[in-house]
1. Could you count how many residues in segment 293-338 are in a helix (DSSP H, G or I), surrounded by 15 or more Cβ atoms within 10 Å (Cβ to Cβ) and not aromatic (Phe, Trp, Tyr)?
2. In this structure, does Glu37 turn out to be outside the structural domain of Gln325 (by TED's automatic domain parsing), of a type in the set (Asp, Glu), surrounded by 16 or more Cβ atoms within 10 Å (Cβ to Cβ) and within 19 Å of the chain's Cα centre (by Cα)?
3. Name the residues in segment 32-60 that are touching an Asp or Glu at 6+ places or on another chain (Cβ under 8 Å) and without any contact (Cβ under 8 Å) to a residue 60 or more places away in the chain, would you?
4. Out of the strands (runs of 3 or more DSSP E) lying entirely within segment 72-185, which hold 3 or more residues that are surrounded by 18 or more Cβ atoms within 10 Å (Cβ to Cβ) and in contact with a strand residue (DSSP E or B) (Cβ under 6 Å, 6 or more places away or on another chain)?
5. Considering only segment 133-148, state which residues are in contact (Cβ under 8 Å) with a residue 60 or more places away in the chain and in contact with a Phe, Trp or Tyr (Cβ under 7 Å, 6 or more places away or on another chain).
6. Out of Ser96, Ser145, report the one residue that is assigned by TED's automatic domain parsing to the domain that holds Asp310, at pLDDT 95 or above and either out of contact with any helix residue (DSSP H, G or I) (no Cβ under 7 Å at 6 or more places or on another chain) or over 30 Å from Arg212 (Cβ atoms) (or both).
7. Determine if segment 268-283 includes at least one residue that is modelled with pLDDT of 95 or more and of a type in the set (Val, Ile, Thr).
Amino acid sequence: MDKDLKIKWKEYLIKFILVCIFLEILLRIFGVNKTSEEKQLNTYSYKFQSFKNTWFHTWPPNTTIKHGLDEFKYTNSYNELGHRETSYQNFQEDTSSVKIICLGDSFTEGDGAPYDSSWVRFFENSLSTSLDTNVLAYNAGVCGSDALFDFQMLKENLLSSNPKIVIECLNNSDITDIYYRGGPERFLPDGTTGAPNAKKWEVLYKYSYVFRALLTTFTPYDNNLINNLTIDAEEEQALKVLAKQVNETYAFCKKNKIQYYLVMTPVPSDIENKNFYIFESLPDYLDAQIPLINLYPKLYDKYDSIDIEDYSWERNGHFNGKGYQVLSNALFDEFYNLKPSKELFLEADFQN
């Protein structure tokens with residue numbers, strides 16, 4: 001290759017690099033292909049690369065973390081298990097209350113509201129008042145958790161508290177969590193959590209907006225890294241994995257004389273858009289004995305007369321305190337209809 005040709009190729013390379021840098025800056029300025037987490041939290045959360053050094057999905061134990069951006073600011077304290085709760089030991093040692101464990105993700109933890117305004121706290125207060133007895137609810141909800149992580153926490157750490165009831169609150173994100181993270185194969189024999197569906201190129205997606213543009217333009221992946229060619233079949237498979245886990249959790253609770261309730265609830269974006277929910281076919285795969293509370297129709301009807309924007313955070317995407325109270329009221333009505341009397345609630349064979 002002669003000297004002039006080498007110079008030309010070098011010039012082409014420099015121009016190409018400069019164009020890529022310019023495009024990268026431009027795409028970042030306009031936020032093209034930003035993920036929902038980046039829009040809400042200004043940080044990228046890996047979708048497929050969910051490696052952990054433990055089987056548990058929690059916040060760092062015994063920490064205090066500030067949450068919220070320009071919409072709200074709350075300082076959340078996490079206990080020895082990494083839950084947004086007071087001492088687990090105190091809950092474990094309590095012998096005078098009807099104890100309830102609430103499992104779920106950020107909508108159970110109460111993201112977007114102060115500690116005393118999660119649906120767990122509202123539900124605890126409503127049930128205590130209605131039954132005229134001490135009810136103690138433990139909030140084991142964790143942002144980003146799913147039904148498989150819920151079960152590991154319940155089985156390994158929370159069973160020791162001898163709860164009378166377990167309420168597991170799920171939403172559509174539990175389907176996408178399994179799509180990204182895989183099923184029980186994620187839990188490795190050495191006590192760590194692997195990422196069976198990991199995509200090696202996701203690191204490029206995290207750091208390069210040019211790569212994002214190329215990927216979403218020339219492949220079936222969208223900006224949330226969902227493959228639109230295979231998503232229908234994969235969602236159906238994820239639904240079956242979810243149902244299998246719920247059945248296992250129910251059987252585990254029944255074996256340990258714990259009443260298990262499954263709650264299906266819409267999130268604000270579902271309510272705003274009246275989205276079709278994947279959960280509609282979930283009961284087809286569940287044990288028929290599982291008490292199932294589907295809050296989608298009830299909350300859709302409720303928000304026909306009130307504005308979801310007044311009960312949620314636009315940027316964060318979660319309910320505010322008022323929204324969690326509406327959720328709790330709907331849940332309480334459905335739950336209390338299943339067990340309407342204090343005597344039935346407290347009797348020894350309640351779990352049967």
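1. Keep residues of segment 293-338 that are in a helix (DSSP H, G or I), which gives 296-302, 308-310, 321-338.
Checking the rest, the ones that are also surrounded by 15 or more Cβ atoms within 10 Å (Cβ to Cβ) come to 296, 298-300, 302, 308, 321, 323-332, 334-336.
So of that shortlist, the ones also not aromatic (Phe, Trp, Tyr) come out as 298-299, 302, 308, 321, 323, 325-331, 334.
So the count comes out to 14.
2. Values: outside the structural domain of Gln325 (by TED's automatic domain parsing): yes; of a type in the set (Asp, Glu): yes; surrounded by 16 or more Cβ atoms within 10 Å (Cβ to Cβ): yes; within 19 Å of the chain's Cα centre (by Cα): yes.
In short, yes.
3. Thr43
4. Numbers: elements: 74-78, 98-103, 135-139, 165-170.
Because the criterion is at least 3 residues that are surrounded by 18 or more Cβ atoms within 10 Å (Cβ to Cβ) and in contact with a strand residue (DSSP E or B) (Cβ under 6 Å, 6 or more places away or on another chain), the strands (runs of 3 or more DSSP E) in segment 72-185 that meet it are 98-103, 135-139, 165-170.
5. Hit for segment 133-148 is Val142, nothing else.
6. Working: Ser96 fails: at pLDDT 95 or above.
Just a single option satisfies the conditions, and that option is Ser145.
7. No, that holds for no residue.
To keep it simple, each residue is scored yes or no on (1) among the β-branched types (Val, Ile, Thr); (2) part of a helix (DSSP H, G or I); (3) touching a residue at least 24 places away in the same chain (Cβ under 8 Å).
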residue: Ala198; (1), (2), (3): no, no, yes
residue: Thr217; (1), (2), (3): yes, yes, no
residue: Asn223; (1), (2), (3): no, no, yes
residue: Leu229; (1), (2), (3): no, no, no
residue: Ala238; (1), (2), (3): no, yes, yes
residue: Val246; (1), (2), (3): yes, yes, yes
residue: Ile271; (1), (2), (3): yes, yes, yes
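The values are calculated or read from the model by the stated rules, or taken from the named source; none is laboratory data. Worth saying up front: this structure is predicted, and the values here are computed from it rather than measured. Heads up, the Cβs are rebuilt from the backbone with ideal geometry, glycines too, and the neighbour counts pull from every protein chain shown.
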